[in-house]
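The values are calculated or read from the model by the stated rules, or taken from the named source; none is laboratory data. Please read all numbers here as calculations on a predicted model, not as lab measurements. FYI the Cβ positions are ideal-geometry reconstructions off the backbone, even for glycines, and counts take in every protein chain you see.
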């Protein structure tokens, strides 16, 4: 506390030491304005706040246009579709997306960057690099396929869920498989209905494991799902006022360590033991309701679960459109993967034109770890 106060006091002294006629404007940036000491935000100090959020869909499209100016694009590249499919991306993320797409095209000996390279680059950035060198038994693959099929089925059946973008059983990052959902537009808030749908989708993998393989063969693969569901339920109960028993009140404000601002471990709202017990009970209730919803959906649509899992075992990766097609009896169609473009590649990276083509050696994958 002493060091933090000394730092704050010295900063205030330096700011107050400016002469009025020097014409100096002091600008600072932070990602955590909520933890700043009020003394910093008083008139005459940092009294004007300018919020710079991540770009919206129109902003992302314009940023992409800047970064692809020196990149040869194939006719099928649609920057509007890329912009819609990258919600939450910052300008740096979008530049990285273009660079990754250009690298993939170079590694595939293509002269132009196609939409396929951008989609694969987006998957790498959002889901992690593929770990095809990881050896899995057929039992592990089958279990992972049903786990991800459970997530995918709930994402399809829950109307309030974000549309499913892709499902894969190829290990990526620290996960053995993954289902990625993308919102149709930039989201600024979360409804109660959407929160309940997200809980059900999170529990879909665990429920699918238990329904297909039995109670004793449930794995630790749902650890990230359980963590996400618990965190979401806690926010619903203590921050968003979505619990009828607790009402629209804030319980237990942020307690994380900060540099300038509130003391470490300080509670925003004092709670009695009885209130804490109610909070714990409500968090458990939210998660259990999501589990029960997932259980009902999977039991009512068990044939669809088998269909998605079998398709994942055969194709390893399915797009959202392919999964929706499976629900109406349409099997995925894949080409032979041949590339007729010349082998000489002249694809530069965004912001790095005129340099030697990057080394095509793939990044080394991280150490294996359980995933969802």
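Of all residues in region 325-346, one or more are surrounded by 18 or more Cβ atoms within 10 Å (Cβ to Cβ), more than 29 Å from the chain's Cα centre (by Cα), closer than 30 Å to residue 134 by Cβ and at pLDDT below 50. Condition first: out of contact with any strand residue (DSSP E or B) (no Cβ under 7 Å at 6 or more places or on another chain), closer than 28 Å to residue 315 by Cα and buried (at least 21 other Cβ atoms within 10 Å of the Cβ). Can you find one or more residues in region 182-198 that meet it? Yes, that holds for at least one residue. Summed over region 241-280, the residues that are on the phi < 0 side of the Ramachandran plot, at pLDDT 60 or above, part of a loop (DSSP other than H, G, I, E, B) and touching a helix residue (DSSP H, G or I) at 6+ places or on another chain (Cβ under 8 Å) give a count of 7. Only a single criterion out of (1) surrounded by fewer than 17 Cβ atoms within 10 Å (Cβ to Cβ); (2) at pLDDT 90 or above is not satisfied by residue 150, namely (1). Looking at residue 147, is it in a helix (DSSP H, G or I) and either in contact (Cβ under 8 Å) with a residue 24 or more places away in the chain or not assigned by TED's automatic domain parsing to the domain that holds residue 240 (or both)? Judged against the criteria, residue 147 is a match.
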